[in-house]
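Participant: One structure, pasted below without further comment.
The values are calculated or read from the model by the stated rules, or taken from the named source; none is laboratory data. Remember, it's a predicted structure, so these values are computed and weren't measured experimentally. So basically every Cβ, Gly included, is an ideal-geometry build from the backbone, and we count neighbours across all protein chains shown. Just the protein is used for accessible areas: all its heavy atoms, side chains included, with ligands, DNA and RNA removed. Shrake-Rupley method; radii C 1.70, N 1.55, O 1.52, S 1.80 Å.
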Amino acid sequence: MATGAAPVTAPTVYSGHIIGDIGQWVDRTPIHDASRQGHTVQLKQLIESGACVNQVTVDSITPLHEASLHGHFQCVKMLLDAGAQVDARNIDGSTPLCDASSGGSLECVKLLLDRGAKVNPPLFTASPLHEACMSGKSECVKLLIEVGANLEAHDCHFGTPLHVACAREHLDCAKVLLDAGANVNAAKLHETALHHAAKVKNKDLIKMLVEFGGNVYARDNRGKKPSDYSWPNSPTAKCFEYYEKTPRTLSQVCRLNLRKVLGPKAGEKVYKLNIPRRLIAYLLYN
């Protein structure tokens, strides 16, 4: 045994499966299976029989990860009531809140947050907001933003949540992020959301990003503008050609600058301005 290594404890045999102590890496166990499948009766029996609710697999997945990912609210509640670690991380760094956000279960997301789950866990990988955007769960995106999710959280592989939403062509998620004040020109290796929109050749996404101030002249680490990723004479190429040749209107410039001054959650602050409803609607892109 190496110096300082933790002592190896004898595992407990439960129904033919090995149930180790917390921190011991084993294959999936009955408590993982029950949590994954939403079998509340079986899960209750396992917990009452002493099964470890924080048991991890070889990839550090806990029963709470399984229940959260598959949206089994009652299982999530039972595990938390039994002492499951709300911010446990798997081998990829994902927490149960990340998994619940990916699965799109608002009930599970709310419960985990109520029990103290961090909406902005200190990760270099995808945050709960990234996961919701990746799966196109716009309602989860709204909820996470309401409780303080970092709009500019940076994943070392994907960039910001807006990068993810655009790369996956989830327009509704991108709109929620932009409405909330996400930086439309945030860069990952100098690559903006508009570069992603160009690569997936989504004209509607390109239009929306430009309306929110997307820079059509931004260059990535290869020195390419977004338009360089569109096919000649394609609808997206013509769209970029129009925006590159047509200056923004004065009203657009005023809207972008005012929203910039208002900062994060500009959409909420607009209602406090003593201006006509028509102008409020314009500022909110309605």
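Participant: What's the number of the only condition in (1) assigned to a helix (DSSP H, G or I); (2) modelled with pLDDT under 95 that LEU205 fails to meet?
Facilitator: Of (1) assigned to a helix (DSSP H, G or I); (2) modelled with pLDDT under 95, only one is false for LEU205: (2).
Participant: Also, quick follow-up: Could you check ILE18 against (1) open to solvent by 20 Å² or more (accessible area, probe 1.4 Å); (2) modelled with pLDDT of 95 or more; (3) of a type outside the set (Lys, Arg); (4) farther than 30 Å from GLU146 by Cβ and say which number it fails?
Facilitator: The one condition ILE18 does not meet is (2).
Participant: Is it the case that the range 198-214 has a residue that's basic (Lys, Arg), farther than 29 Å from SER135 by Cα and out of contact with any Ser or Thr (no Cβ under 6 Å at 6 or more places or on another chain)?
Facilitator: No.
Yes or no, residue by residue, for (1) within 26 Å of the chain's Cα centre (by Cα); (2) closer than 23 Å to TYR217 by Cα; (3) free of Cβ contacts under 8 Å to residues at least 24 places away in the same chain; (4) part of a loop (DSSP other than H, G, I, E, B):
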residue: GLN252; (1), (2), (3), (4): no, yes, no, no
residue: ASN257; (1), (2), (3), (4): no, yes, yes, no
residue: PRO264; (1), (2), (3), (4): yes, no, no, yes
residue: ASN274; (1), (2), (3), (4): no, no, yes, yes
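Participant: Test ALA198 against the criterion of being over 24 Å from LYS265 (Cα atoms), of a type in the set (Gly, Ala, Ser) and surrounded by 20 or more Cβ atoms within 10 Å (Cβ to Cβ), and give yes or no.
Facilitator: Spelling it out, ALA198 is indeed over 24 Å from LYS265 (Cα atoms), of a type in the set (Gly, Ala, Ser) and surrounded by 20 or more Cβ atoms within 10 Å (Cβ to Cβ).
Participant: Looking at (1) modelled with pLDDT of 95 or more; (2) surrounded by fewer than 17 Cβ atoms within 10 Å (Cβ to Cβ), which is the only condition LEU189 fails?
Facilitator: Tallying (1) modelled with pLDDT of 95 or more; (2) surrounded by fewer than 17 Cβ atoms within 10 Å (Cβ to Cβ), LEU189 fails exactly one: (1).
Participant: Among the candidates ASP87, ASP27, which residue alone is out of contact with any Asp or Glu (no Cβ under 8 Å at 6 or more places or on another chain), closer than 22 Å to LEU144 by Cβ and either surrounded by fewer than 18 Cβ atoms within 10 Å (Cβ to Cβ) or modelled with pLDDT of 95 or more (or both)?
Facilitator: The conditions single out ASP87.
Participant: Condition first: open to solvent by less than 60 Å² (accessible area, probe 1.4 Å) and within 22 Å of LEU151 (Cα to Cα). Can you find one or more residues in the range 245-257 that meet it?
Facilitator: Yes - at least one qualifying residue is present in the range 245-257.
Participant: I'd like to verify a number: residues in the range 213-238 that are in contact with a Leu (Cβ under 8 Å, 6 or more places away or on another chain), crowded, with 17+ Cβ neighbours inside 10 Å and not acidic (Asp, Glu), how many?
Facilitator: The qualifying residues number 5.
Participant: For the range 36-73, give me each residue that is open to solvent by 20 Å² or more (accessible area, probe 1.4 Å), of a type outside the set (A, V, I, L, M) and in a helix (DSSP H, G or I).
Facilitator: ARG36, GLN37, THR40, GLN42, LYS44, GLN45, GLU48, PHE73
Participant: Please go through the range 163-193 and give me each residue that is β-branched (Val, Ile, Thr) and assigned to a helix (DSSP H, G or I), ordered by number.
Facilitator: Selection gives VAL164, VAL176.
Participant: Related question: I'm checking my understanding of the structure. Among residues of the range 101-125 that are open to solvent by less than 10 Å² (accessible area, probe 1.4 Å) and either under 13 Å from the mean Cα position of the chain (by Cα) or of a type outside the set (A, V, I, L, M) (or both), which one is nearest to GLU152 (Cα to Cα)?
Facilitator: If we take residues in the range 101-125 being open to solvent by less than 10 Å² (accessible area, probe 1.4 Å) and either under 13 Å from the mean Cα position of the chain (by Cα) or of a type outside the set (A, V, I, L, M) (or both), then SER101 is nearest to GLU152 (Cα to Cα).
Participant: Select, from PRO63, PRO96, PRO122, the only residue that is farther than 21 Å from LYS265 by Cβ and either at pLDDT below 95 or of a type in the set (Gly, Ala, Ser) (or both).
Facilitator: The conditions single out PRO122.
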